[in-house]
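Nothing in this text is a laboratory measurement; each read-out follows from the coordinates by a stated rule. Given the structure is predicted, the values throughout are model-derived calculations rather than measurements. Note: ideal-geometry Cβ built from the backbone for every residue, glycine included; neighbour counts use all protein chains shown.
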Amino acid sequence: MKIFSFGAPRTAATLRRMIWLSFSTGFGICASLIVAIGAQNAFLLRQAIRGEHVIPLVLLFGACDAILITAGVTGGAALLSATPWLLPVVRWAGAGFLAAYGLLAVRRALRPGALVAATGQRSGSARAVILTGLAFTLLNPHVYLDTVLLVGSIGAAQPDGGKLAFVLGASCASAAWFSLIGIAGSRLAPVMARPAVWRGLEAMTAVIMFVTAFALVRA
């Protein structure tokens, strides 16, 4: 499949309209799917409030989405449909990871001494944060269902010359959303520095992790 092919000759105006339509379609679809406080977004929000390796994490999540969207548009959606055994494996691995992270959040919420917000103190290395971010991304079966299969299939159906614009639009929506979470989290840091508020955030994080893990098990 040629993502950069422009097919039959078109007028400049027609080509611009087609590219803009594909770009806006990709942006809108990705935005509608990603704007939800799931496990990945909750982790990023927590790191942003702590001021801990936020930029690398935003870049990681944006890059992963761009790669997965491109893979889906260029044939990954068809490949995923042909390997039905893959999603159950990812589903159980993801449920286990989320449950474990939820337990850690409960532990942090019950230990006031561990409730240090974003006041310049760092507790995790960049490597640990990046690896945890990768786990939140790659062990989430919804990433493959939504980003690769759904978004990829819609992108693959775009006309020649519009596939690249679709990928760019979807990737821009993803990058904008993660950047927004990073900025919002940093602005909330002074408020969240209070132990009682931070305990509530950890409790909310634990609930999100457990609910998502339960949903994966029941899927």
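Values computed for the structure shown
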| quantity | calculated |
| --- | --- |
| In nm, spacing of pseudo-spin labels at VAL217 and SER24 (7 Å Cα→C-beta vector) | 4.5 nm |
| C-alpha long axis of helix 126-138 to longest principal axis of the chain, angle in ° | 50 degrees |
| Modelled label reach - ALA126, point 7 Å along Cα→Cβ, segment 37-78 residues with backbone N closer than 15 Å | 52-61 |
| Distance between modelled label sites at ARG187 and THR11, nm, 7 Å Cα→Cβ extension | 4.4 nm |
| Summed residue charge, Cβ within 12 Å of ARG107's Cβ, Lys/Arg positive, Asp/Glu negative | +2 |
| Between segment 62-103 and segment 161-200, the Cα center-to-center distance that results, in Å | 21 Å |
| Which label in (1) 66, 38, 26; (2) 56, 41, 33; (3) 49, 44, 35 gives the computed Cα extents along the principal axes in Å | (1) |
| Radius 14 Å from Cβ of ILE34, net charge of other residues (Lys, Arg +1; Asp, Glu -1) | -2 |
| Helix 39-50 axis, angle to the chain major axis (alpha carbon atoms, nearest 10°) | 60 degrees |
| For GLY162, residues with placed amide H under 5 Å, excluding near neighbours | none |
| C-alpha long axis of helix 195-218 to longest principal axis of the chain, angle in ° | 50 degrees |
| Theoretical gain in end-to-end length, ALA31 to TRP85 [0.36 nm per residue, Cα-Cα removed] | 16.6 nm |
| Around GLY182: net Lys/Arg minus Asp/Glu count, Cβ-Cβ under 15 Å | +1 |
| Over the chain: helical MRE at 222 nm, DSSP H runs n ≥ 4 each giving -39500 (n - 2.57), nearest 500 | -24000 deg cm²/dmol |
| Overall form of segment 163-219 per C-alpha gyration tensor (a/c, 1.5; a/b vs b/c) | oblate |
